[in-house]
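The values are calculated or read from the model by the stated rules, or taken from the named source; none is laboratory data. Computed from a predicted structure; not experimentally measured. Cβ placement follows ideal geometry from the backbone for every residue including glycine, while neighbour counts extend to all protein chains displayed.
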Amino acid sequence: MASIIGVAGGTGAGKTAIVQALAKRFGGVSLDLDSYYLDRSGISAEERGDLNYDEPSAFDVTLLLDHLRRPAAGEMVWKPRYSFESHSRTGAEKLFPASLILVEGLFALWWEELRACMDLKVFVDAPADLRLLRRIRRDVSERGRNVESVLDQCVYTVRPMHERYVEPTRLHADLVVGNSEPIEDCVKSVIAAVQAKGGKWDHFSQFSSHLVPS
């Protein structure tokens, strides 16, 4: 039986970095919400540009839930590969079953049905100016954006959607970590939260040899 950890938080909070560190340490796999944006290949480029990609309805949560439950039950699935330049799916990659599954994204703690699958729910916090700086760096270097378009999106959709949808999910978290410090400190906080669950988390016993912060 797989153990499932959800990692949510605002854009640029450092969710992906924490998930990558956990996966590297424990050999888990990641279900990132960025791969589950709805495929917009059926509409014009102009229409795609007018859509709000910073609200829960932009995601294919039905497919995400299916792809979470099947690997947790020992099945392989094809995780979509999504292009942020064309706002469409450009292929898929195999996601094999694993003993630890990490669900990561802006709205990882938004849907009740998704939260119900999780053994531990984490919200990653970071100062707004730091998150904006990280967002600009990422979108310019990885997503073919320019600084002006990133700033416009942050003002008109990212910030208001964060306040409306993302920030409230903090209340659902078992653990809030501040990611303005070294990633390893956040990883240790997650490990400590797992340890604190004690006997209720027998399915984490397979990680017992690793659950001691170094």
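Of the residues Ser35, Ser3, Ser41, which is farther than 25 Å from Val158 by Cβ and of a type in the set (Ser, Thr, Tyr)?
Checking each option against the conditions leaves just Ser3.
Considering each residue of region 106-117, count those that are assigned to a loop (DSSP other than H, G, I, E, B), within 15 Å of the chain's Cα centre (by Cα) and at pLDDT 95 or above, and give that number.
Of the residues in that region, 5 qualify.
Filter region 163-186 for residues that are in contact with a helix residue (DSSP H, G or I) (Cβ under 9 Å, 6 or more places away or on another chain), modelled with pLDDT of 85 or more and not in a strand (DSSP E or B); which is nearest to Asp139 (Cα to Cα)?
Applying the filter and picking the extreme gives Tyr165.
Which pairs turn up if I take residues in region 170-199 that are farther than 14 Å from Ala13 by Cβ and look for partners that are basic (Lys, Arg) and at pLDDT below 85 with beta carbon separation below 7 Å, at least 6 apart in sequence or on another chain?
These pairs meet every condition: Val187/Arg25.
In region 14-28, how many are in a loop (DSSP other than H, G, I, E, B) and either in contact with a Pro (Cβ under 9 Å, 6 or more places away or on another chain) or within 26 Å of Tyr156 (Cβ to Cβ) (or both)?
1
Give the residues of region 19-57 that are more than 24 Å from Ser86 (Cα to Cα) and under 10 Å from the mean Cα position of the chain (by Cα), sorted by residue number.
Scanning region 19-57 gives a single hit, Val19.
Checking the condition loosely packed, with under 13 Cβ neighbours inside 10 Å, closer than 29 Å to Lys188 by Cα and without any contact (Cβ under 8 Å) to a residue 60 or more places away in the chain, which residue from Glu93, Glu46, Glu85, Glu113 passes?
It is Glu113.
Which condition breaks for Leu31 when tested against (1) in a loop (DSSP other than H, G, I, E, B); (2) touching a Lys or Arg at 6+ places or on another chain (Cβ under 8 Å)?
(1)
Could you check Val147 against (1) in contact with a helix residue (DSSP H, G or I) (Cβ under 8 Å, 6 or more places away or on another chain); (2) at pLDDT 90 or above; (3) farther than 19 Å from Thr16 by Cβ; (4) of a type in the set (A, V, I, L, M, F, W, C) and say which number it fails?
Of (1) in contact with a helix residue (DSSP H, G or I) (Cβ under 8 Å, 6 or more places away or on another chain); (2) at pLDDT 90 or above; (3) farther than 19 Å from Thr16 by Cβ; (4) of a type in the set (A, V, I, L, M, F, W, C), only one is false for Val147: (2).
Between residues in region 129-142 that are free of Cβ contacts under 8 Å to residues at least 60 places away in the same chain and residues that are surrounded by 15 or more Cβ atoms within 10 Å (Cβ to Cβ) and outside any helix (DSSP H, G or I), which pairs lie under 7 Å by C-beta distance while being six or more apart or on different chains?
Asp139/Arg145
Within region 56-104, track down each residue that is part of a strand (DSSP E or B), of a type in the set (Phe, Trp, Tyr) and over 16 Å from Arg40 (Cβ atoms).
Answer for region 56-104, where residues must be part of a strand (DSSP E or B), of a type in the set (Phe, Trp, Tyr) and over 16 Å from Arg40 (Cβ atoms): just Trp78.
Matching residues to (1) among the basic types (Lys, Arg); (2) in contact with an Asp or Glu (Cβ under 7 Å, 6 or more places away or on another chain); (3) under 19 Å from Tyr82 (Cβ atoms):
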| position | (1), (2), (3) |
| --- | --- |
| Phe96 | no, no, no |
| Glu104 | no, yes, yes |
| Leu109 | no, no, no |
| Leu114 | no, no, yes |
| Lys121 | yes, yes, no |
| Gly144 | no, yes, yes |
| Gln153 | no, no, yes |
| Pro160 | no, no, no |
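Keeping to region 155-169, report how many residues are touching a residue at least 40 places away in the same chain (Cβ under 8 Å) and over 15 Å from Ala58 (Cβ atoms).
The qualifying residues number 2.
Which number in (1) closer than 24 Å to Arg137 by Cα; (2) without any contact (Cβ under 8 Å) to a residue 40 or more places away in the chain; (3) charged (D, E, K, R) marks the one condition that Asp60 misses?
(1)
Considering only region 101-110, I want to know if a residue exists there that is crowded, with 20+ Cβ neighbours inside 10 Å, aromatic (Phe, Trp, Tyr), touching a Phe, Trp or Tyr at 6+ places or on another chain (Cβ under 8 Å) and touching a residue at least 12 places away in the same chain (Cβ under 8 Å).
Within region 101-110, one or more residues are crowded, with 20+ Cβ neighbours inside 10 Å, aromatic (Phe, Trp, Tyr), touching a Phe, Trp or Tyr at 6+ places or on another chain (Cβ under 8 Å) and touching a residue at least 12 places away in the same chain (Cβ under 8 Å).
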